[in-house]
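**Student:** Handing you this structure, nothing more for now.
The values are calculated or read from the model by the stated rules, or taken from the named source; none is laboratory data. Nothing here was measured: the structure is a model prediction, and the numbers come from that model. Glycine also receives a Cβ, built like all others from the backbone with ideal geometry; neighbour counts cover every protein chain displayed. Each accessible area value is taken on the protein alone, full model and side chains, heavy atoms only, with ligands, DNA and RNA left out. Shrake-Rupley method; radii C 1.70, N 1.55, O 1.52, S 1.80 Å.
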Amino acid sequence: MFYISISLQLLVSAAVASWSVSYYPRSICAFERSSVDFTCTFVYPDYYTVITTNWFKPEAHQNQDGSQVGISVYNSEAAKIHQLYKNRTAYANKDKNCSLQLHNVSKSDTGKYFFRIETYYYYGKYTGPGGINLIVAVLPFRVTVKTQKVNGQIHEGDSVTLTCSTENCTPKQEPFAWFKNQRLIPEATDSVLQITSVSHDDFGNYSCGLKNSSTTSADEILLDVRYSPKNIKVTVLPPRKIQEGNSLTLICMSNANPAVTNYSWFMIKEEYVSYIGSDREFSIKSASQNDDGRYFCTAKNDIGSQNSTAIALKVEVPSHRTFLLTATAVFFFLMAVLLVMFGLIIRRKRFTSKKQPTEQTPAVTVTEEIYENLRKSPESEENLTIYVTYADLRLPPSTSDRPCCNSQEEGTVIYSLLSYKD
C-alpha cells in the first residue's frame, strides 16, 4: 500500500511538472489606440489532447491571480469571446505558441491577462500563473518639472529635470520628441530631459510627445528660470540725427525674470558722472548742445543688476543757425577789435596831451612890455627833456618907459624859447 501511494504521488508530480506557460513580458505599458503583443509559449503532457485555448481577463470582482476564469479575450471557440474583444485580437495558432496580439487598446483594457489550456479530462486543464499585466497610458502627455529647491523656484545654475509622462504609465519603447517654444529640440529623444545647469536661455515653454506623431503632444509648461537683468542696452527714439530743439527719448531695454523694478540713468560729461533719472525712459523735450555727452542706464530686479553700455549723444546745430552764430561771432569780434583800437587812440591822445605843454598867453598888462626866457626848474640838463616851443605873441603898442630888448611895433611877433621837464 505504501508503494502504491508513492507511485501515485510521483505520477501526479510528473503530470504537474509537464504543464507550463511562459509569458513575456510580464508587464506592458501601451498608449491608447495602440496594439500590444502578449508573447506566450506552453507545454502540456503528450498523452493529452488540447481542445480549447483561451486568453481571459479576470473581472473586477474576481481574484486577479487567474484562479477564476474571467471574460474571454480570445477563445478557440469564437462564440465565447466577449463582445468587447471581438475582432480585436489575433492568435498565433501554432503548436505550443500561445502568443496573442491585442489591437486598439483602451483605458478599460487595463488589467491582467492569463492563458488557459483545456482537454477532455477534468484534471486536464491548466492556467499559466502570473499572467501579463497591461497598463494603458492615457493621453495627452504632461510635462512635470522637478528641482532641488524646496520652494520650487528655479534660478540660474540649478539642476532641473523635465519628465514627459501620461496617466497610469509612460511607454519607454517609443522615441520621444521635446519642444521649446514649439521648436523641436533635436538631441532630446527620451522621456526625461535633464538640464544640469539652467541659464536664462533655457527660460521658455516646453512640451513633449511621440517623435513620429503630432496628435500626442503635451500641453506646454513654463520653465520659469529666474535671473538678473541681461542684455541691457539704450535705444534712442526717434532713431535719427538729433537736431537742436528736437525732442528725443532714451529707453533702457533689458531682459530679466522677474521684471526689472528699478531703473537709473546717468550722464558722463568731461569724465564726470551725473545721476539724471529713475524711470525706464528718459526724455529730453528740447535738445541743445548742453545735452551732448554719454548716457547709460542701470536695470535692477530681485536677483541682481546690470549696467548698459554708454552711448554718445551729439546735438547738431542747423546750418542756418551755424551761419548766424558765425556771423554774430564775427560781428562781436570786430566790435571788440574796434573798441580796443578806439581805446588805444584815446589813450594815445591823452598821452600826447600830457607830454605837450599847454599854450599859455602870459598875463601881460597894458603897461608890461618886457618878456624873458623861462625855465620850469633848475634841475640839471641831464634829467631834462627839452621841448622847443615857439609862442606867437602879439603885443599891444608900448606905453611903458621900461626899455625893451628890441624896438617892436604894434603887432610885432616875438619868439621866446621855453624849456620844461617832462
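**Student:** Taking the stretch 63-82 on its own, how many of its residues are more than 11 Å from residue 112 (Cα to Cα), in contact (Cβ under 8 Å) with a residue 60 or more places away in the chain and touching a Phe, Trp or Tyr at 6+ places or on another chain (Cβ under 8 Å)?
**Tutor:** Of the residues in that region, 0 qualify.
Residue-wise test of (1) modelled with pLDDT of 90 or more; (2) open to solvent by 70 Å² or more (accessible area, probe 1.4 Å).
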site: 4; (1), (2): no, yes
site: 10; (1), (2): no, yes
site: 15; (1), (2): no, no
site: 43; (1), (2): yes, no
site: 66; (1), (2): yes, no
site: 90; (1), (2): yes, no
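**Student:** It is to be established whether one or more residues within the stretch 125-147 are over 30 Å from residue 67 (Cβ atoms), charged (D, E, K, R) and at pLDDT below 90.
**Tutor:** Scanning the stretch 125-147 turns up no residue that is over 30 Å from residue 67 (Cβ atoms), charged (D, E, K, R) and at pLDDT below 90.
**Student:** Within the stretch 210-239, count every residue that is aliphatic (A, V, I, L, M) and surrounded by fewer than 18 Cβ atoms within 10 Å (Cβ to Cβ).
**Tutor:** Of the residues in that region, 4 qualify.
**Student:** Follow-up question, since we're still on this one. In contact (Cβ under 8 Å) with a residue 60 or more places away in the chain, β-branched (Val, Ile, Thr) and within 17 Å of residue 192 (Cα to Cα): which single residue out of 145, 138 fits that description?
**Tutor:** Checking each option against the conditions leaves just 145.
**Student:** Can I ask one more? For the subset of the stretch 157-173 comprising residues that are touching a Cys at 6+ places or on another chain (Cβ under 6 Å) and part of a loop (DSSP other than H, G, I, E, B), which member is farthest from residue 36 (Cα to Cα)?
**Tutor:** 169
**Student:** Only one of 102, 162 is touching a residue at least 60 places away in the same chain (Cβ under 8 Å), over 40 Å from the mean Cα position of the chain (by Cα) and open to solvent by less than 30 Å² (accessible area, probe 1.4 Å); which?
**Tutor:** Of the residues listed, the single one that is touching a residue at least 60 places away in the same chain (Cβ under 8 Å), over 40 Å from the mean Cα position of the chain (by Cα) and open to solvent by less than 30 Å² (accessible area, probe 1.4 Å) is 102.
**Student:** Can you pull out every residue in the stretch 245-283 that is without any contact (Cβ under 8 Å) to a residue 24 or more places away in the chain and either part of a loop (DSSP other than H, G, I, E, B) or among the acidic types (Asp, Glu) (or both)?
**Tutor:** 270, 271, 278, 279, listed by residue number.
**Student:** Going through 96, 112 one at a time, which residue ends up being buried (at least 17 other Cβ atoms within 10 Å of the Cβ), of a type in the set (D, E, K, R) and in contact with a strand residue (DSSP E or B) (Cβ under 6 Å, 6 or more places away or on another chain)?
**Tutor:** 112 is the lone residue from the list that is buried (at least 17 other Cβ atoms within 10 Å of the Cβ), of a type in the set (D, E, K, R) and in contact with a strand residue (DSSP E or B) (Cβ under 6 Å, 6 or more places away or on another chain).
**Student:** Just to be sure, is residue 173 farther than 30 Å from residue 22 by Cβ and either surrounded by fewer than 18 Cβ atoms within 10 Å (Cβ to Cβ) or touching a helix residue (DSSP H, G or I) at 6+ places or on another chain (Cβ under 6 Å) (or both)?
**Tutor:** No: the conditions fail for residue 173.
**Student:** Can I ask one more? State the number of residues belonging to the stretch 174-197 that are assigned to a loop (DSSP other than H, G, I, E, B) and either of a type in the set (Phe, Trp, Tyr) or closer than 27 Å to residue 30 by Cα (or both).
**Tutor:** 10
**Student:** I've got another one for you. Please go through (1) at pLDDT below 95; (2) under 17 Å from residue 228 (Cα atoms) for residue 262 and return the number of the only condition it doesn't satisfy.
**Tutor:** (1)
Conditions tested, residue by residue: (1) basic (Lys, Arg); (2) surrounded by 16 or more Cβ atoms within 10 Å (Cβ to Cβ).
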position: 241; (1), (2): yes, no
position: 265; (1), (2): no, yes
position: 271; (1), (2): no, no
position: 277; (1), (2): no, yes
position: 309; (1), (2): no, no
position: 315; (1), (2): no, yes
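**Student:** Something else: Kindly list the number of the only condition in (1) polar (S, T, N, Q); (2) farther than 30 Å from residue 228 by Cβ; (3) part of a loop (DSSP other than H, G, I, E, B) that fails for residue 133.
**Tutor:** (3)
**Student:** Next question, about the same structure. Considering only strands (runs of 3 or more DSSP E) fully contained in the stretch 71-119, which possess at least 1 residues that are of a type in the set (Lys, Arg)?
**Tutor:** 111-119
**Student:** Could you please give the count of residues in the stretch 188-203 that are acidic (Asp, Glu), under 25 Å from the mean Cα position of the chain (by Cα) and either open to solvent by 70 Å² or more (accessible area, probe 1.4 Å) or at positive phi (or both)?
**Tutor:** Number of matching residues: 1.
Okay, residues lined up against (1) part of a loop (DSSP other than H, G, I, E, B); (2) at pLDDT below 80:
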| position | (1), (2) |
| --- | --- |
| 297 | no, no |
| 302 | yes, no |
| 306 | no, no |
| 312 | no, no |
| 321 | no, yes |
| 324 | no, yes |
| 327 | no, yes |
| 330 | no, yes |
| 334 | no, no |
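**Student:** Among the residues in the stretch 143-155, are any within 25 Å of residue 57 (Cβ to Cβ), open to solvent by 50 Å² or more (accessible area, probe 1.4 Å) and basic (Lys, Arg)?
**Tutor:** no
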